[in-house]
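Below is one structure, written out as structure tokens; comments come after it.
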Amino acid sequence: MNQPDAPAPLPPLRTAYGMDVSAQYVAIVRSQQSRAGIHHETLLAESTQDTGRTVQQPLAAIRSDTTLGLASVSMAMPVLQSSIRWLTAPFPSLNKARKVLPSLLDIQLPFPIEKCIYGFPALERRDGKVHALAIAAPREAVEQRLQEAQDWKLDPHRLDHEGLALWDQYQREQNTQAGFHVLIYLGIDRTVWVAGQAGRLLGAWSSRIGTERLRAADESLQEWGNRSLRATALQQSHGQAGEQTTVHWCGPGCAEEPVRERVQAALAPLNAEHRTDREAATFLARALSTRALQQPDDGWDFRRGPYVQAQSAAFGVKAQQKIAAIALVTAVLLLALNGGFRIWLDRQEAALDQRIREKALALTGLPRVEPGQEVLLAERALAEQAEQIEPFLRALGPSRTAHWQLLLTHGAVDTLTYDSIGFDGDTLRAEGTAQSRDLVEQLEAALQAEGWDATVQLQDAADLERVHFRLTARRTT
């Protein structure tokens, strides 16, 4: 099984060609990316019976740009030749889901999975289960599609899925976040239906009935209508009552107004709003080139494993070599930077050690200090000097009388009285009574403003009109 095989990454080019090719119609769009966005140029959009020499010029331009590595080419794997559907794994673990999804897909395919290119470009966890978008196509069909490209003397870089490309472009150009949407690609030799709801792809189906068979045959129109009922049934099962349904028409068949009116009438049961794309004929080609430039999250490409395009494979090898080279250069730079930083750090540490040693010599007065003893000797010298300087500082500082004066100024007869005032070392203590708690709090604030760390304990006195207080204050400045 080849599910782990990943497609080769495309180079970050600014130009991409999208080709909508079938037996009876060809559309070629050149898309160029700039800061202003993506500009699309239609090079060809005609029936293959009418192209003749007109197709040679754009094909020559494509070959020239791709040979020089200036652009990429994308084609689509038709829904008719592939399968796209949602699977549900009955447990929440993504790892477990990845192990059983191939088996779940195998039982739903009309062909053996061992002979397929397949994968799961989208995994969602909802309601305790894993929901996976599964895509598959027989290897034989992939090889046939690549051979058709070879007949045009082209080797596409990407072989996208038709349904994914159509839905992706529709989301890019229209608001799909609300309501139920049916995108109908009306081709010359086929019709493709893509349904989605609230920005989520629900499914894609196809029929070999196109405008060529719908022009006159009523039985083809009936068959076409019956086929469309599948999208209608999906709307009934997923949609909500009164939800708006939008039908968006695209594809070269939209140019035949009588045919489109007939098939639109067949969808009357949908009761939908019908819109026609402004550039309907090149919608798919435009979608393919845009996805090549933007490389969306689903990252789907049938050119994987043994079918990887040679130029893309070479780019992948170069990209890996470039990554390895960048990693090597980065490692060398980091080593050099680490070495330089280490030298700078050592110099800074040496300079700091020298300054510490000089300060230690100045503080201790010693002719020499042993390495590692600078801090210890400096602390001892500071302690000795503090004992000598303390009496001088006390002489310069405010006297105890000044401290008492601060207390006395806040005391008055019948308002705040002191039972005792005294000093215990650097701690000022006072006890007394006050006429109110506010007076004590004012005294506390005054002490704090003078640089004291004051603590007050309050207690109602026997006299209910007075408050007993105990003040303890330590000098902080």
Quiz item: Based on DSSP, what percent of beta bridges with both residues in the stretch 15-308 are antiparallel, to the nearest 5?
Solution: 70
Self-check item: Peptides 190-197, 117-124, 281-288 ordered by average Cβ neighbours within 10 Å, highest first
Solution: 281-288, 190-197, 117-124
Quiz prompt | Near-label residues of the stretch 119-162 by backbone N, under 18 Å of a point 7 Å along Cα→Cβ of residue 40 | solution = 160-162
Quiz item: In nm, to one decimal, how far is the modelled label at residue 348 from the one at residue 431, with both set 7 Å along Cα→Cβ?
Solution: 5.8
Quiz item: In the neighborhood of residue 206, defined by Cβ-to-Cβ distances under 10 Å, what is the net charge if each Lys or Arg adds +1 and each Asp or Glu adds -1?
Solution: +2
Quiz item: Could you give me the ³J(HN,Hα) list for the stretch 38-49, computed from phi with Karplus coefficients 6.51, -1.76, 1.60 and θ = phi - 60°, whole Hz, x at Gly and Pro?
Solution: 10, 9, 9, 10, 7, 8, 6, 7, 8, 5, 5, 6
Practice problem: Just add up the charged neighbours of residue 96: K/R +1, D/E -1, any other residue whose Cβ is under 13 Å from the Cβ of residue 96. | Solution: +4
Quiz item: What spacing in nm lies between the two simple spin-label points modelled at residue 54 and residue 384, each 7 Å away from Cα in the Cβ direction?
Solution: 10.7
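Where a number appears in this text, it was derived from the coordinates with a stated rule and is not lab data. In this text the structure is predicted, and so the values were computed from the model without any measurement. With ideal geometry, Cβ positions are generated from the backbone for all residues, glycine too; neighbour counts draw on all protein chains shown.
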